[in-house]
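Inspection log for the structure reproduced underneath, given as C-alpha coordinates.
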Amino acid sequence: MRTGVFGGTFNPIHNGHIKLARAYFSELNLDRMLVIPTRVPPHKVSNELADGEDRLRMCQLAFAGHPEFEVSDIELRRAETSYTVDTLEALHARWPEDELFLLTGSDMFLTLTEWRRWERLFELAVMCVGEREPNLFGQLQAYGRYLESLGARCRVIDIDPVLVSSTAVRERIHLGLPVDRLVPPAVAAYIAERRLYHRDG
Ligand code: ATP
(Lines give C-alpha, C1' and ligand atoms only; values in the text may rest on other atoms or scores of the structure.)
Protein backbone atom coordinates (compact mmCIF):
# COMPACT_ATOMS: atom_id res chain seq x y z
CA MET A 1 0.00 0.00 0.00
CA ARG A 2 1.03 3.56 -0.65
CA THR A 3 0.14 5.31 2.59
CA GLY A 4 0.14 9.06 3.16
CA VAL A 5 0.82 10.35 6.67
CA PHE A 6 -0.60 13.77 7.44
CA GLY A 7 0.02 15.03 10.96
CA GLY A 8 -0.91 18.37 12.45
CA THR A 9 -2.36 20.15 15.39
CA PHE A 10 -5.63 20.52 13.45
CA ASN A 11 -6.80 23.15 15.94
CA PRO A 12 -9.16 23.15 14.08
CA ILE A 13 -8.83 21.30 10.77
CA HIS A 14 -9.59 23.71 7.89
CA ASN A 15 -10.10 23.75 4.13
CA GLY A 16 -6.36 24.25 3.46
CA HIS A 17 -5.58 20.96 5.20
CA ILE A 18 -8.32 19.18 3.33
CA LYS A 19 -7.29 20.53 -0.06
CA LEU A 20 -3.65 19.58 0.57
CA ALA A 21 -4.62 16.05 1.65
CA ARG A 22 -6.83 15.54 -1.41
CA ALA A 23 -4.26 16.94 -3.84
CA TYR A 24 -1.60 14.61 -2.47
CA PHE A 25 -3.89 11.66 -2.49
CA SER A 26 -4.40 11.92 -6.23
CA GLU A 27 -0.93 13.25 -7.20
CA LEU A 28 0.88 10.48 -5.36
CA ASN A 29 -1.61 7.72 -6.28
CA LEU A 30 -2.06 6.87 -2.65
CA ASP A 31 -4.15 3.95 -1.46
CA ARG A 32 -4.95 5.54 1.85
CA MET A 33 -4.11 8.54 3.97
CA LEU A 34 -3.70 8.60 7.73
CA VAL A 35 -4.74 11.92 9.28
CA ILE A 36 -3.04 12.20 12.67
CA PRO A 37 -3.81 14.97 15.18
CA THR A 38 -0.82 15.54 17.46
CA ARG A 39 -1.16 15.14 21.22
CA VAL A 40 1.22 17.88 22.29
CA PRO A 41 2.49 19.95 19.41
CA PRO A 42 6.28 19.95 19.54
CA HIS A 43 6.67 23.05 17.34
CA LYS A 44 4.18 25.38 18.88
CA VAL A 45 2.52 26.26 22.11
CA SER A 46 -1.00 27.64 22.25
CA ASN A 47 -3.21 28.46 25.16
CA GLU A 48 -6.14 27.89 22.87
CA LEU A 49 -5.59 24.28 22.08
CA ALA A 50 -8.88 22.39 21.88
CA ASP A 51 -8.54 19.05 23.58
CA GLY A 52 -7.48 16.01 21.66
CA GLU A 53 -10.93 14.45 21.54
CA ASP A 54 -12.43 17.56 19.94
CA ARG A 55 -9.64 17.88 17.38
CA LEU A 56 -9.97 14.20 16.53
CA ARG A 57 -13.74 14.51 16.17
CA MET A 58 -13.41 17.52 13.85
CA CYS A 59 -10.99 15.57 11.64
CA GLN A 60 -13.47 12.69 11.50
CA LEU A 61 -16.26 15.08 10.52
CA ALA A 62 -14.07 16.68 7.84
CA PHE A 63 -13.37 13.34 6.14
CA ALA A 64 -16.72 11.63 6.83
CA GLY A 65 -17.80 9.57 3.84
CA HIS A 66 -14.21 9.20 2.57
CA PRO A 67 -12.95 5.94 4.06
CA GLU A 68 -9.62 6.26 2.23
CA PHE A 69 -8.86 9.08 4.72
CA GLU A 70 -8.42 7.35 8.07
CA VAL A 71 -8.29 9.59 11.12
CA SER A 72 -5.88 8.03 13.60
CA ASP A 73 -5.53 8.60 17.35
CA ILE A 74 -2.05 7.02 17.43
CA GLU A 75 -0.42 10.21 18.79
CA LEU A 76 -3.29 11.25 21.06
CA ARG A 77 -3.16 7.85 22.77
CA ARG A 78 0.49 8.25 23.73
CA ALA A 79 1.36 9.33 27.26
CA GLU A 80 4.12 11.70 26.16
CA THR A 81 5.03 14.15 23.45
CA SER A 82 5.46 12.20 20.29
CA TYR A 83 7.78 13.04 17.48
CA THR A 84 6.99 12.32 13.87
CA VAL A 85 9.87 9.87 13.65
CA ASP A 86 8.36 7.80 16.48
CA THR A 87 5.01 7.73 14.74
CA LEU A 88 6.60 6.67 11.46
CA GLU A 89 8.56 3.93 13.25
CA ALA A 90 5.29 2.64 14.73
CA LEU A 91 3.53 2.72 11.36
CA HIS A 92 6.46 1.01 9.67
CA ALA A 93 6.48 -1.73 12.33
CA ARG A 94 2.77 -2.24 11.85
CA TRP A 95 2.77 -2.18 8.04
CA PRO A 96 6.34 -3.05 6.98
CA GLU A 97 5.31 -3.51 3.33
CA ASP A 98 3.82 -0.03 3.00
CA GLU A 99 5.56 2.85 1.34
CA LEU A 100 5.06 5.89 3.59
CA PHE A 101 4.68 9.46 2.32
CA LEU A 102 4.95 12.22 4.89
CA LEU A 103 2.86 15.25 3.93
CA THR A 104 3.88 18.71 5.04
CA GLY A 105 2.97 22.28 4.26
CA SER A 106 5.82 24.51 3.11
CA ASP A 107 6.43 26.04 6.56
CA MET A 108 7.06 22.60 8.03
CA PHE A 109 9.00 21.22 5.06
CA LEU A 110 11.53 24.05 5.20
CA THR A 111 12.46 23.06 8.77
CA LEU A 112 12.88 19.33 8.23
CA THR A 113 16.57 19.16 9.14
CA GLU A 114 15.64 20.51 12.59
CA TRP A 115 13.30 17.59 13.23
CA ARG A 116 14.26 14.92 15.68
CA ARG A 117 16.27 12.08 14.09
CA TRP A 118 15.79 13.47 10.61
CA GLU A 119 18.18 10.92 9.07
CA ARG A 120 15.88 8.14 10.22
CA LEU A 121 12.85 10.15 9.15
CA PHE A 122 14.26 10.28 5.62
CA GLU A 123 14.69 6.50 5.58
CA LEU A 124 11.17 5.85 6.75
CA ALA A 125 9.18 8.06 4.38
CA VAL A 126 9.15 10.15 1.23
CA MET A 127 9.04 13.86 2.21
CA CYS A 128 6.22 15.63 0.38
CA VAL A 129 5.36 19.30 0.22
CA GLY A 130 2.91 21.66 -1.43
CA GLU A 131 2.86 25.44 -1.47
CA ARG A 132 1.11 27.08 1.41
CA GLU A 133 1.77 30.56 0.10
CA PRO A 134 2.16 31.68 -3.52
CA ASN A 135 5.54 31.82 -5.29
CA LEU A 136 7.35 29.35 -3.10
CA PHE A 137 7.59 26.55 -5.63
CA GLY A 138 11.18 27.29 -6.73
CA GLN A 139 12.38 27.58 -3.16
CA LEU A 140 10.70 24.30 -2.23
CA GLN A 141 12.30 22.54 -5.20
CA ALA A 142 15.73 23.90 -4.26
CA TYR A 143 15.30 22.85 -0.65
CA GLY A 144 14.07 19.43 -1.84
CA ARG A 145 17.29 19.01 -3.83
CA TYR A 146 19.28 19.95 -0.73
CA LEU A 147 17.39 17.34 1.32
CA GLU A 148 18.05 14.76 -1.40
CA SER A 149 21.76 15.49 -1.09
CA LEU A 150 21.34 14.49 2.56
CA GLY A 151 19.67 11.21 1.60
CA ALA A 152 15.98 12.17 1.55
CA ARG A 153 13.45 11.24 -1.11
CA CYS A 154 11.28 14.28 -1.87
CA ARG A 155 8.17 15.17 -3.84
CA VAL A 156 7.36 18.82 -4.40
CA ILE A 157 3.79 19.07 -5.62
CA ASP A 158 2.34 21.96 -7.56
CA ILE A 159 -0.94 22.90 -5.89
CA ASP A 160 -2.77 26.21 -5.67
CA PRO A 161 -2.30 27.51 -2.15
CA VAL A 162 -5.33 28.04 0.07
CA LEU A 163 -4.61 31.04 2.24
CA VAL A 164 -6.12 29.83 5.48
CA SER A 165 -4.68 28.86 8.84
CA SER A 166 -6.12 27.51 12.06
CA THR A 167 -5.04 30.77 13.68
CA ALA A 168 -7.21 32.73 11.23
CA VAL A 169 -10.17 30.46 12.00
CA ARG A 170 -9.75 30.99 15.74
CA GLU A 171 -9.38 34.76 15.31
CA ARG A 172 -12.62 34.98 13.36
CA ILE A 173 -14.39 33.09 16.12
CA HIS A 174 -13.02 35.53 18.70
CA LEU A 175 -14.43 38.37 16.62
CA GLY A 176 -17.80 36.66 16.32
CA LEU A 177 -17.40 36.23 12.54
CA PRO A 178 -18.60 33.19 10.58
CA VAL A 179 -16.06 30.53 9.63
CA ASP A 180 -18.13 28.47 7.25
CA ARG A 181 -15.98 29.41 4.25
CA LEU A 182 -12.81 28.28 6.02
CA VAL A 183 -13.88 24.93 7.45
CA PRO A 184 -16.37 22.26 6.30
CA PRO A 185 -19.98 22.85 7.42
CA ALA A 186 -19.97 19.91 9.84
CA VAL A 187 -16.83 21.30 11.52
CA ALA A 188 -18.34 24.80 11.76
CA ALA A 189 -21.44 23.28 13.37
CA TYR A 190 -19.33 21.27 15.83
CA ILE A 191 -17.31 24.36 16.84
CA ALA A 192 -20.52 26.32 17.42
CA GLU A 193 -22.21 23.53 19.34
CA ARG A 194 -19.21 22.94 21.63
CA ARG A 195 -18.38 26.66 21.76
CA LEU A 196 -14.76 25.87 20.94
CA TYR A 197 -12.37 28.83 20.74
CA HIS A 198 -15.02 31.21 22.07
CA ARG A 199 -13.47 33.52 24.63
CA ASP A 200 -16.54 33.21 26.84
CA GLY A 201 -16.63 29.44 26.37
P1 ATP B 1 -1.87 27.33 13.22
O2 ATP B 1 -2.46 28.50 12.46
O3 ATP B 1 -2.56 27.07 14.54
O4 ATP B 1 -0.38 27.42 13.33
P5 ATP B 1 -1.99 25.60 10.87
O6 ATP B 1 -3.09 26.21 10.07
O7 ATP B 1 -0.57 25.84 10.46
O8 ATP B 1 -2.19 25.98 12.40
P9 ATP B 1 -1.39 22.81 11.47
O10 ATP B 1 -2.35 21.85 12.09
O11 ATP B 1 -0.26 23.28 12.27
O12 ATP B 1 -2.28 24.05 10.94
O13 ATP B 1 -0.87 22.24 10.08
C14 ATP B 1 -0.69 20.87 9.80
C15 ATP B 1 0.03 20.74 8.46
O16 ATP B 1 -0.77 21.32 7.41
C17 ATP B 1 1.37 21.46 8.40
O18 ATP B 1 2.27 20.64 7.64
C19 ATP B 1 1.05 22.74 7.66
O20 ATP B 1 2.17 23.23 6.98
C21 ATP B 1 -0.02 22.29 6.70
N22 ATP B 1 -0.94 23.38 6.34
C23 ATP B 1 -1.69 24.11 7.18
N24 ATP B 1 -2.44 25.01 6.51
C25 ATP B 1 -2.17 24.85 5.20
C26 ATP B 1 -2.63 25.50 3.99
N27 ATP B 1 -3.50 26.51 4.01
N28 ATP B 1 -2.13 25.04 2.82
C29 ATP B 1 -1.23 24.02 2.81
N30 ATP B 1 -0.75 23.39 3.91
C31 ATP B 1 -1.21 23.78 5.09
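The values are calculated or read from the model by the stated rules, or taken from the named source; none is laboratory data. All values reported here derive from a predicted model rather than from experimental measurement. Note: ideal-geometry Cβ built from the backbone for every residue, glycine included; neighbour counts use all protein chains shown. The area values use the complete protein model at the heavy-atom level, side chains included, leaving out ligands, DNA and RNA. Shrake-Rupley method; radii C 1.70, N 1.55, O 1.52, S 1.80 Å.
Tell me the residue from 50, 93 that is among the aliphatic types (A, V, I, L, M) and more than 18 Å from the chain's Cα centre (by Cα), please.
The conditions single out 93.
If you scan region 50-59, which residues turn out to be without any contact (Cβ under 8 Å) to a residue 60 or more places away in the chain and open to solvent by less than 70 Å² (accessible area, probe 1.4 Å)?
Taking region 50-59 first, the residues without any contact (Cβ under 8 Å) to a residue 60 or more places away in the chain are 51-53, 55-56, 59.
Within region 50-59, 52, 55, 56, 59 qualify.
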If residue 77 satisfies all but one of (1) over 16 Å from the mean Cα position of the chain (by Cα); (2) closer than 19 Å to residue 3 by Cα, what's the number of the condition it fails?
(2)
Of all residues in region 140-171 being away from the ligand (no atom under 12 Å from the Cβ) and part of a strand (DSSP E or B), which is farthest from residue 101 (Cα to Cα)?
156
Within region 119-134, track down each residue that is in a strand (DSSP E or B) and within 14 Å of the ligand (Cβ to nearest atom).
125, 127, 128, 129, 130
Residues that are within 21 Å of residue 190 (Cα to Cα) and either at pLDDT 95 or above or within 15 Å of the ligand (Cβ to nearest atom) (or both), at least 1 per element: which helices (runs of 4 or more DSSP H) completely within region 3-118 meet that?
15-27, 52-62
Restricting to region 7-17, name every residue that is open to solvent by less than 10 Å² (accessible area, probe 1.4 Å) and closer than 18 Å to residue 64 by Cβ.
10, 12, 13, 14
Which numbered condition residue 120 misses (of (1) out of contact with any strand residue (DSSP E or B) (no Cβ under 9 Å at 6 or more places or on another chain); (2) open to solvent by less than 20 Å² (accessible area, probe 1.4 Å); (3) touching a residue at least 24 places away in the same chain (Cβ under 8 Å)):
(2)
Condition met for residue 137 (among the aromatic types (Phe, Trp, Tyr) and within 11 Å of the ligand (Cβ to nearest atom)):
no
